[in-house]
């Protein structure tokens, strides 16, 4: 350890050092001579774990001021001999603190350390610092944020502030060696923002003359306790948006496993401390499976755990259900799949009422959003109602639903759970009661729960979802106008869809429609395949599961789909809550033009297939994925908004009648009959642009955004963006 030379002092039997500012003050030095007695009579105990920490008043410069005294517990003979050679724990904390101050690393200002040595034994040992004011610590702040389900922005600010300070400490050549969350102190300013980070418990600190190596940094950071994905973000913040080097990760994983073993064997090494802990009342972290933090920017909870952690936390029953339910339903699902696949694209389908739009009304911007909705002329809306948000938000959404119902809109309510309401079903029951009282009369359908197969949304087993659905169904029976939908499985996850529907069947919950949030964004274009399934086969299989479950009418509703926009950072569902450095391979962010083309093709295929009763784009206004970019004061319509509007204006009263086969299977031509004996075709290609000769006469067409073009050479150029072709009258 690097040690600056400090003048030794002896005060009534104590050896140690006193900071220059204090050592010449007579009253203060006299106070130190009776420190042991003062701690017994006039000190307030701040903490009393292995070592005790006290707060008390001390005289200085004619006034009293507050100091903090850490009293180190006596140790055994061997450790005393060791400490007399390298310095007591108080001495090491003193030298570390003074060095940190000199290198501009924040820690409570050291005042003195005092050791009483009798017959070669350290009988008393004190480390004294100035009282730094009311401080919190990283551990308690995390516990509070986890318990309250706070907005992710608060968590990100906390992680950023701590990561920057830890990095600064390491750059200054300070290796803490005991960087537990409780030893990272936090000062807030008057706005309750994290203003300053200080480091405590310095007796294990090692000081180096140069910045730390990756191995040393990894060793320190391995003591910081965070769930897997929060730790990933913390490390990215620590390296200031530069991808952490592989050797750092190797050492961090090594030391974290080593410390985990050390921690797990603690009760064997220190059984007396374990008994003391059991008798205490200290705050503790939430179980990692109960941590639920909301991100307002992307309208979703944060991912907390890694894949391995999720598997470890899954109830055994969940694994059994995911295997047994698909096996139970497999024969009937396969029969339905084959039957429905043969019917694909063969039956007439009216377009009216098929397409809806998702809303998340905000009090401050609702009037602006309503204007875009009215201009779009989409009369089917889905509104999310969140259990975790304030009652004022619920009331506002209810008022929006009532207003829309009165002006001719059809309303679907998506009821979104949080982990607290899953663990405390009375909270879910109260939420449903209040929701129904506020707007039960104006809602036509309720989607029970949200993304029930993703633990980040708060559900760890289908049994938990079944309880929420059972409560909702019982309370909704008083409203004859309401039909129920579920299980709102997200992504293409047929095993989870089967298992969730089977659980609802056991709970005797009847559904009007089966719902799925069928995002295909990670495949790129909707026609691209995942394990042999394009969006068409996915529609068919989900429909087959709905029919085979026999707890619904067999109708399939896609209650959410979208493609996130590239360049939208943390507002994108795949960029939130922190945009990590490096190439983002496999992320589904697309350009605004690609989003529009994929959206329109998805809608056209879903309608023409005959498998989908209704589908909702999520959502109207959102910077990361909406039809309207709502960032800032001046909102901007995206190509997808214009294409959705053109589609609704042109085809909303049309009837799909068939798919025109071409020599090229990558070319799509869909035929729609329109009032007035008109026929409109939509065409596109899901690969490279190509020119084709149409099997009918036509004079003009319209691109996806409503611009008319003429037939000049008898051929048409089809690209990834659909066009509308007006067939000449016979």
Output the residue which, of all residues in region 64-74 that are assigned to a loop (DSSP other than H, G, I, E, B) and either under 45 Å from the mean Cα position of the chain (by Cα) or at pLDDT below 90 (or both), is farthest from residue 132 (Cα to Cα).
-> 73
Could you count how many residues in region 631-658 are surrounded by fewer than 17 Cβ atoms within 10 Å (Cβ to Cβ), more than 24 Å from residue 593 (Cβ to Cβ) and modelled with pLDDT of 95 or more?
-> 4
Here are some residues: 272, 298, 332. Which one is at pLDDT 95 or above, in a helix (DSSP H, G or I) and either in contact with a helix residue (DSSP H, G or I) (Cβ under 9 Å, 6 or more places away or on another chain) or over 30 Å from residue 375 (Cα atoms) (or both)?
-> 332
Going through region 159-190 one residue at a time, which ones are over 25 Å from the mean Cα position of the chain (by Cα) and in a loop (DSSP other than H, G, I, E, B)?
-> 172, 173, 176, 177, 178, 179, 189, 190
Name every residue in region 181-211 that is surrounded by fewer than 21 Cβ atoms within 10 Å (Cβ to Cβ), over 29 Å from residue 287 (Cα atoms) and touching a helix residue (DSSP H, G or I) at 6+ places or on another chain (Cβ under 6 Å), in order of residue number.
-> 207, 211
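A quick yes/no check of all residues on (1) surrounded by 16 or more Cβ atoms within 10 Å (Cβ to Cβ); (2) at positive phi; (3) modelled with pLDDT under 95:
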| residue | (1), (2), (3) |
| --- | --- |
| 682 | yes, no, no |
| 689 | no, no, yes |
| 694 | yes, no, yes |
| 698 | yes, no, yes |
Mind checking which residues of region 437-455 are over 19 Å from residue 358 (Cα atoms) and in contact with a strand residue (DSSP E or B) (Cβ under 7 Å, 6 or more places away or on another chain)?
-> 453, 454
Tally of residues being without any contact (Cβ under 8 Å) to a residue 40 or more places away in the chain and under 25 Å from residue 84 (Cα atoms) across region 33-48 = 5
Single unsatisfied condition, residue 236 versus (1) touching a helix residue (DSSP H, G or I) at 6+ places or on another chain (Cβ under 7 Å); (2) under 23 Å from residue 579 (Cβ atoms); (3) touching a residue at least 24 places away in the same chain (Cβ under 8 Å); (4) surrounded by 19 or more Cβ atoms within 10 Å (Cβ to Cβ) = (1)
Selection from region 75-86 of residues that are assigned to a loop (DSSP other than H, G, I, E, B) and touching a residue at least 24 places away in the same chain (Cβ under 8 Å) = 75
Of the residues 30, 24, which single one is without any contact (Cβ under 8 Å) to a residue 60 or more places away in the chain and either within 12 Å of residue 111 (Cα to Cα) or surrounded by fewer than 12 Cβ atoms within 10 Å (Cβ to Cβ) (or both)?
-> 24
Failed condition for residue 534, given (1) in the same structural domain as residue 336 (by TED's automatic domain parsing); (2) in contact (Cβ under 8 Å) with a residue 12 or more places away in the chain; (3) under 23 Å from residue 640 (Cα atoms) = (2)
Among strands (runs of 3 or more DSSP E) completely within region 658-723, the ones holding 2 or more residues that are touching a residue at least 60 places away in the same chain (Cβ under 8 Å) are 667-674, 678-685
Quick one: would you say residue 468 is in a loop (DSSP other than H, G, I, E, B) and crowded, with 21+ Cβ neighbours inside 10 Å?
-> no
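The values are calculated or read from the model by the stated rules, or taken from the named source; none is laboratory data. None of these values were measured; they are calculated from a predicted model. Every residue, glycine among them, receives a Cβ derived from its backbone with ideal geometry; neighbour counts consider all protein chains shown.
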